[in-house]
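One structure is given below, encoded as structure tokens.
The values are calculated or read from the model by the stated rules, or taken from the named source; none is laboratory data. What you are looking at is a predicted structure, and each value in this text was computed from that prediction instead of being measured. Cβ: placed from backbone, ideal geometry, glycine included. Neighbour counts: every protein chain shown. Remember, those area values only see protein heavy atoms, side chains included, never the ligands or the DNA or RNA. Shrake-Rupley method; radii C 1.70, N 1.55, O 1.52, S 1.80 Å.
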Amino acid sequence: MSNQDKKDFAKYITKYLSEYLPHERNLSPNTVAAYRDAFVLFIDFMKIIKNKPVQNIGISDLNKENINAFLNWIISTRKCSVATSNYRLAALLSFVRYMQYIDIEKLKQWQEVLSIRPKKEAGRTLNYLTVEGIKLLLAQPDITTASGRRHLAILSLLYDTGARVQELADLTIGSLRIASQPYTVRIVGKGRKIRIVPLMNQQVEILKAYIADYRLENIDDAVTPLFFNSRGERLSRAGITYILLTYASQARAMNDKIIPKVLSCHSIRQYVEFYNMGSEK
């Protein structure tokens with residue numbers, strides 16, 4: 001292993017955690033910390049099991065054989081759950097997808113790593129949303145009615161942006177930029193920190209239908225709430241949660257195996273953050 005290979009490991013891990021995740025991906029500090037924990041554990045594994053201190057670890061060590069051994073180690077030795085193992089794997093896969101664009105010469109190595117699949121959790125009660133669960137949930141609102149289209153706009157925006165429920169409640173007409181591409185929504189988070197989140201075309205069509213239904217396109221006041229109740233007041237966190245739980249109940253009646261018994265708006269945010277860990281750059 002060359003000295004450059006060792007330098008690259010430190011350089012790209014640092015750039016990935018300090019620049020790419022928080023700035024390009026706009027991930028929360030807690031999520032970035034979860035990614036960092038995965039690499040700290042991997043470094044511990046390489047030192048304890050492979051007898052390689054951190055200064056000797058190179059990009060080439062981030063291969064399929066080592067990662068599989070690492071996942072087995074955190075389950076058997078550190079007594080981590082399968083869910084935790086899968087979460088660590090998602091973080092590593094996210095970095096590998098990032099590296100596909102940085103170090104294309106190792107494309108075969110990256111593809112081998114990306115072939116690793118999460119471990120199945122035998123007999124575990126579902127307490128998180130899956131892709132199928134999200135699809136079933138979003139299929140519940142009756143889009144032949146204005147209220148159904150409104151509720152779909154709320155639920156799909158939670159899903160599409162990974163916004164906190166209060167962040168969604170605080171959105172205004174001026175938060176949206178959907179008149180022309182690129183489509184975005186301006187979200188004000190904790191500490192008044194602003195992030196600009198891109199919107200998919202399908203999401204924009206849902207929002208435009210809602211805006212037309214409630215004649216919001218003719219409102220000049222940019223601070224008018226995007227979502228409001230029957231009294232014209234900003235929709236509350238409790239109101240958004242009520243909408244989610246209503247449709248979750250309907251979805252659960254159709255398939256209780258993919259809709260958790262306990263569900264909250266934060267569950268959708270957790271889904272978005274977790275699956276973003278394995279998404280492409």
Pairwise FRET efficiency - Tyr214 versus Lys15, Cβ, R0 = 41 Å, nearest 0.05
0.40
Among rounded, prolate and oblate, which fits the range 30-131 when a ≥ b ≥ c are the square roots of the eigenvalues of its C-alpha gyration tensor, a/c under 1.5 means rounded, and a/b larger than b/c means prolate?
oblate
Please compute the length gained on full extension between Val223 and Ser249, using 0.36 nm multiplied by the number of residues separating them and subtracting their Cα-Cα distance.
6.1 nm
Under a point spin-label approximation (7 Å from Cα along Cα-to-Cβ), what is the Glu65-Lys47 distance to one decimal in nm?
2.4
Cα shape, the range 79-225, gyration tensor, a/c 1.5 rule
prolate
So, relative contact order of the range 13-154 in percent, Cα under 8 Å, 6 or more apart, is 18
Extending each Cα 7 Å along its Cβ direction at Ile116 and His23, get the distance between those two points in nm, one decimal.
2.8
In the neighbourhood of Ile74 defined by beta carbon distances under 13 Å, the net charge of the other residues (Lys, Arg +1; Asp, Glu -1) is +2
Plugging the Cβ-Cβ distance of Ile194 and Ile75 into 1/(1 + (r/R0)^6) at R0 = 30 Å yields, to the nearest 0.05, a FRET efficiency of 0.15
What's the extension gain from Arg186 to Gln166 if we count 0.36 nm per residue and subtract their Cα-Cα distance?
5.8 nm
Expressed per residue, the solvent accessible area of the chain in Å² (1.4 Å probe) is about 54
For the chain, just say rounded, prolate or oblate: build the C-alpha gyration tensor, square-root its eigenvalues into a ≥ b ≥ c, call rounded for a/c under 1.5, and beyond that prolate if a/b exceeds b/c, oblate if not.
prolate
Could you check how much of the accessible area of the chain is carbon and sulfur, as a whole percent, using a 1.4 Å probe?
51
Between Asn3 and Ser147, what is the label-to-label distance in nm when each label sits 7 Å out along the Cα-to-Cβ direction?
7.2
Averaging sequence separations of C-alpha pairs under 8 Å and six or more residues apart, then dividing by the length of the range 167-212, give the relative contact order as a whole percent.
27
Normalised by the empirical 2.2 N^0.38 Å for globular proteins, what value does the Cα Rg of the range 1-45 take?
1.26
Most positive-pole-ward Cα, Leu207, Thr144, Trp110, against dipole of the chain from beta carbon charges:
Trp110
When the convex hull of the Cα atoms of the range 126-176 is projected onto a plane and the area is averaged over all directions, what value comes out in nm²?
4.3
Got the relative contact order for the chain handy, in percent, Cα pairs under 8 Å and 6 or more residues apart?
21
